[in-house]
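In what follows, a structure is listed as structure tokens, so that the remarks can point back to it.
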Amino acid sequence: MKTGYLICILSLAWIFPQAQDVVFEKDDFILSGDASEYSGQCFRLTSDRRWQGGGVWFNKPIDLRNPFEMEIDISFGCRDEGADGIVFIFHPELTTGFQGEGMGFGGLYPSLGVEMDTYENYHLGDPWYDHVALMRNGRVHHATGITDPVSLTESGQNVEDCSTHRVKISWEPVGNIFQFSFDGSVRIKKEIQLIDQVFYGNSLVYWGFSSATGDKYNTHLVCLERLKFKSVNVFPSYIRDLLLTGESYILDKLDFSPGSIALPASAPEELDKLVQFLKSNPRQSVFLSGFTDSSGDATQNQNLSRRRAAAVADYLIRQGIDPKRIHSSGLGETNPIAPNDTAEGRRKNRRIEVALMILRV
Ligand SMILES: [Ca+2]
Ligand SMILES: [Ca+2]
């Protein structure tokens with residue numbers, strides 16, 4: 001193969017990275033409200049009681065510039081005209097919204113929701129039958145929906161029938177196509193500028209399901225069968241715009257020796273404040289990003305920065321912080337904060353950045 005072709009193919013692979021089947025465990029998900037683990041690959045969002053509300057969220061963001069596909073089995077319970085239904089959500093924060101008729105989607109801004117609604121709220125323009133619609137920004141009135149409500153099933157029959165229903169959800173970024181199918185029938189297929197028009201240019205979002213009951217109720221179950229997407233483990237500087245606290249800082253005194261991943265002697269002084277902060281703020285997560293100066297090989301620098309950030313993460317874990325609250329990545333010589341042509345500038349660029357995020361679930 002000629003080099004030119006190879007470069008061309010590699011370039012295309014870079015522009016269109018392939019989604020991967022995700023091997024998932026229940027630990028990859030964060031539960032909120034009344035949600036709980038259920039048997040197998042299932043989560044129970046609400047139990048069969050009044051005024052319940054629960055959500056389940058994948059704990060890492062995805063990048064909507066990549067395809068996203070999932071197959072799930074959903075159970076809406078056994079009580080026809082029960083309530084309220086289940087919403088699949090994309091949202092830049094790990095947050096669940098208003099309950100009741102909002103089904104945990106209400107008020108989430110900006111957001112995309114696939115509302116699977118089994119309870120007719122007259123004042124929201126709900127049809128009498130169990131329906132699905134594509135909604136945005138936590139608004140549950142159908143007048144503001146992206147698509148009009150259609151019956152969940154092709155035949156129009158009730159879905160609160162004690163059985164499970166196979167749902168497929170997919171996002172194809174090349175054609176901007178969002179698709180939803182229910183029991184093998186495509187119910188929504190919509191071209192939508194998800195990144196530019198719904199999320200205002202930001203492609204990093206979390207995904208999850210939420211549900212609620214009200215005066216009417218049902219057990220709501222979600223069973224994950226197949227997930228195919230790329231989750232994002234690196235947190236470049238622009239993701240800080242998403243952080244609820246907006247706080248990030250540089251571990252100034254953590255000067256690693258050249259080429260070394262051993263924590264310097266200043267580590268306890270520098271990191272124990274962070275440990276104490278995380279212990280006193282149990283809903284806070286931390287993102288550690290390692291950076292190097294531009295000396296040497298870029299790939300080795302990326303590797304070095306990743307291992308240094310991981311060394312800091314290990315220290316926090318040894319001090320008793322739950323590993324699920326710590327994310328680390330290495331960004332190598334990218335994003336310099338000073339010129340690399342002076343010793344002082346290079347020293348500034350060799351750094352670990354700490355960004356904080358509240359898990360508001
Ligand atoms: Ca409703
Ligand atoms: Ca029904």
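All of the numbers you see were taken from the coordinates with simple rules; none came from a lab. On a predicted model such as this, the values are computed, not experimentally measured, just so you know. Neighbour counts run over all protein chains shown; Cβ positions are idealised from the backbone, glycine included.
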With a 25 Å threshold on alpha-carbon distance, the violating pairs from Lys60/Lys168; Lys216/Lys324; Lys273/Lys324; Lys60/Lys253 are Lys216/Lys324; Lys60/Lys253
Subtracting the Cα-Cα distance of Asp272 and Thr299 from 0.36 nm times their residue separation yields 6.6 nm
Magnitude of the Cβ-charge dipole (Lys and Arg +1, Asp and Glu -1) of segment 15-229 about the Cα centre, nearest 20 debye, reported as 400
Any aspartates and glutamates whose Cα falls less than 12 Å from that of Lys230, other than same-chain ones fewer than 8 residues away, would be Asp21, Asp63, Glu69
For the chain, averaging the sequence separation of alpha carbon pairs under 8 Å that lie six or more residues apart and dividing by its residue count, the contact order in percent is 20
Taking R0 as 41 Å and r as the Cβ-Cβ distance between Trp51 and Gln319, the FRET efficiency 1/(1 + (r/R0)^6), rounded to the nearest 0.05, comes to 0.55
Projecting the Cα atoms of Gly320, Gly77, Thr342 onto the charge dipole of the chain, where Lys and Arg contribute +1 and Asp and Glu -1 at Cβ, the residue farthest towards the positive end is Thr342
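By the scheme Lys and Arg +1, Asp and Glu -1, what is the net charge of all other residues having a beta-carbon under 12 Å from that of Asn303? Can you show the working numbers first?
Working: positive: Arg306, Arg307, Arg308; negative: Asp297, Glu333.
Local net charge: +1.
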Given a Förster distance of 25 Å, the FRET efficiency implied by the Cβ-Cβ spacing of Asp21 and Val186, rounded to the nearest 0.05, works out to 0.70
Amide H neighbours of Arg136 at under 5 Å, excluding residues fewer than 5 places away on the same chain, with H built from the backbone geometry, are Gly113, Ile146
Per the helix-only model, the chain has a calculated mean residue ellipticity at 222 nm (DSSP H runs of ≥4, -39500 (n - 2.57) each, divided over all residues, rounded to the nearest 500) of -5000 deg cm²/dmol
For Gln179, the net charge from surrounding residues (Cβ-Cβ under 11 Å; K, R +1; D, E -1) works out to +1
Taking every other residue with Cβ under 12 Å from the Cβ of Gly104 and scoring Lys and Arg +1, Asp and Glu -1, one gets -4
Computed on Cα atoms only, the convex hull of the chain has an orientation-averaged projected area in nm² of 20.7
Projected onto the charge dipole of the chain (unit charges on the beta-carbon of Lys, Arg, Asp and Glu, signs +1, +1, -1, -1), the Cα from His141, Val354, Gly102 with the largest positive-side position is that of Val354
Quick calc, the chain, dipole around Cα centre from Cβ unit charges on Lys, Arg (+) and Asp, Glu (-), nearest 20 debye, gives 1200
If every Lys and Arg gets +1 and every Asp and Glu gets -1 at its Cβ, then about the Cα centre segment 77-175 yields a dipole, in debye to the nearest 20, of 380
The long-range amide H neighbours of Thr46, using H built 1.01 Å from N in the peptide plane and a cut-off of under 5 Å, are His220
In terms of the charge dipole of the chain, which places +1 on Lys and Arg and -1 on Asp and Glu at the beta carbon, the residue among Gly214, Ala262, Phe29 farthest towards the positive end is Ala262
